[in-house]
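Beneath this line is the structure, given in structure tokens, with notes to follow.
The values are calculated or read from the model by the stated rules, or taken from the named source; none is laboratory data. Note that this is a predicted model, so its numbers are computed, not measured. No Cβ is skipped: glycine too gets one built from the backbone with ideal geometry, and neighbour counts run over all protein chains shown. Areas reflect the complete protein model, heavy atoms only, side chains present, ligands, DNA and RNA absent. Shrake-Rupley method; radii C 1.70, N 1.55, O 1.52, S 1.80 Å.
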Amino acid sequence: MSVSALEFTQKLSTQRKSEEERARILADPGFGNHFTDHTAVIDYRAGETGEGQWQDARIEPYGPIAMDPAAGVLHYGQEIFEGLKAYRHQDGSIWTFRPEANAARLNTSARRLALPELPEELFLESLRQLVAVDRNWVPAGDGESLYLRPFMIATEPFLGVRPAREVSYRVIASPAGNYFGGELKPVSIWLSTKYARAGRGGTGEAKCGGNYAASLIAQMEGEANGCKQVLFLDEFNDNAVEELGGMNVFFVFKDGRLVTPALSGTILHGVTRNSVLQLGRDRGMQVEERKITLDEWRDGVASGEITEVFACGTAAVITPVGELKSETETIGSPEAAAGEVTMSIRQELLGIQTGAVEDTRGWLTRLA
């Protein structure tokens with residue numbers, strides 16, 4: 001069966017949340033705490049020669065996944081995922097932001113983890129199909145969204161070390177409020193000096209669960225020191241700044257430059273990161289993707305050359321950074337105000353996503 005002929009079937013849930021329960025959840029959704037009534041699923045099967053195809057595309061009730069205890073994902077970590085948001089615009093229509101970039105990154109991750117690539121049209125259609133049946137879950141509050149989590153897991157039961165021949169691609173959805181909760185204000189970041197997020201030749205460019213699992217111990221250390229996120233360095237490259245546990249990082253300089261660490265094979269190709277770079281260029285800012293070290297960060301803040309620091313990602317969009325803390329020093333201040341450039345770019349980006357600002361770049365795709 002060709003990809004173009006693959007149609008989604010529907011088996012709708014008989015246990016959907018009531019309107020009252022859904023309204024209660026949407027009044028204060030948090031982030032990743034509640035899930036919609038359905039999930040999109042597409043299966044993949046290959047023969048011993050490696051030739052395979054995607055099949056059995058469907059919408060089914062959200063619920064536990066029945067899986068053999070020997071499934072490859074449980075033993076060898078063949079798993080990748082994506083994250084993007086669906087926004088309800090003022091006219092009630094539902095749109096998502098640059099999903100083609102997420103589809104491309106999913107396939108970059110798939111190649112690195114020896115998983116099958118998913119055609120872009122199936123990726124986009126899986127989002128449309130799920131949002132179509134669960135559109136009432138898309139909140140309408142300021143900055144709120146429906147967070148979409150596509151993921152792919154190896155489901156074939158075997159214990160030999162090889163790529164799985166049976167794979168499941170799925171999409172789940174969760175109504176989302178502010179990622180850090182409450183009023184947006186600069187966050188404190190913990191500097192990890194004991195742990196690395198990724199190594200050269202590893203899976204740093206892939207969006208896979210193992211990267212996040214490896215970051216959790218550093219995240220716990222940061223939380224114990226009053227920080228919301230953790231920053232990782234490349235200690236073998238002059239302590240070059242890499243990224244946060246779940247976000248890319250940017251620096252605004254006094255002379256108007258916008259600087260972010262260059263993609264080196266160990267940094268995730270953030271869709272929001274790429275969008276911020278384009279917004280900066282369109283504003284006439286000098287945009288630089290280059291090595292920036294901890295020493296430059298420290299000296300730049302002390303001298304006033306670096307005037308703003310912010311982090312960005314799908315979940316949090318753009319979040320100002322007030323201070324960087326470690327066991328031995330603090331760079332910046334927890335009392336720092338959110339920077340003017342940071343908040344202006346955030347307002348423009350959110351405006352495009354929510355339909356309040358005209359999309360002149362073709363970044364939006366209508367889902368429902």
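When you scan segment 2-24, do you find a residue that is assigned to a loop (DSSP other than H, G, I, E, B) and touching a helix residue (DSSP H, G or I) at 6+ places or on another chain (Cβ under 6 Å), even just one?
Yes, segment 2-24 contains a residue that is assigned to a loop (DSSP other than H, G, I, E, B) and touching a helix residue (DSSP H, G or I) at 6+ places or on another chain (Cβ under 6 Å).
Count, please, the residues in segment 243-258 that happen to be at pLDDT 95 or above, surrounded by fewer than 22 Cβ atoms within 10 Å (Cβ to Cβ) and within 23 Å of the chain's Cα centre (by Cα).
1
Could you run through segment 222-259 and say how many residues are within 19 Å of Gly202 (Cβ to Cβ) and out of contact with any strand residue (DSSP E or B) (no Cβ under 9 Å at 6 or more places or on another chain)?
2
Does Ala262 satisfy the criteria of being open to solvent by 30 Å² or more (accessible area, probe 1.4 Å) and within 19 Å of Ser326 (Cα to Cα)?
Answer is no for this residue.
Give me the pairs, please: first residue somewhere in segment 277-290 and in contact (Cβ under 8 Å) with a residue 40 or more places away in the chain and of a type in the set (A, V, I, L, M, F, W, C), second residue anywhere and assigned to a helix (DSSP H, G or I) and open to solvent by less than 40 Å² (accessible area, probe 1.4 Å), beta-carbon distance under 6 Å, and either six or more positions apart or on two chains.
Leu279/Ile345
If we keep just the residues of segment 30-66 that are open to solvent by 30 Å² or more (accessible area, probe 1.4 Å) and of a type in the set (A, V, I, L, M, F, W, C), which is farthest from Arg165 (Cα to Cα)?
The extreme case among them is Phe31.
Taking segment 271-325 as the search range and keeping residues that are under 13 Å from Gly339 (Cβ atoms) and among the polar types (S, T, N, Q), which one is nearest to the chain's Cα centre (by Cα)?
Thr319
State the number of residues belonging to segment 77-118 that are assigned to a strand (DSSP E or B), more than 18 Å from Gly204 (Cα to Cα) and open to solvent by less than 10 Å² (accessible area, probe 1.4 Å).
So the count comes out to 5.
So if I check each of Ile306, Ile352, Ile345, which one is in contact with an Asp or Glu (Cβ under 7 Å, 6 or more places away or on another chain) and surrounded by 20 or more Cβ atoms within 10 Å (Cβ to Cβ)?
Sole residue among the options that is in contact with an Asp or Glu (Cβ under 7 Å, 6 or more places away or on another chain) and surrounded by 20 or more Cβ atoms within 10 Å (Cβ to Cβ): Ile352.
Which members of segment 99-117 meet the condition of being closer than 21 Å to Gly32 by Cβ and not small (Gly, Ala, Ser)?
Of everything in segment 99-117, those that are closer than 21 Å to Gly32 by Cβ and not small (Gly, Ala, Ser) turn out to be Pro99, Asn102, Arg105, Leu106.
Here are Glu121, Glu125: which of them is in contact with a strand residue (DSSP E or B) (Cβ under 9 Å, 6 or more places away or on another chain), assigned to a helix (DSSP H, G or I), acidic (Asp, Glu) and within 30 Å of Glu51 (Cβ to Cβ)?
Within the list Glu121, Glu125, the selection yields Glu125.
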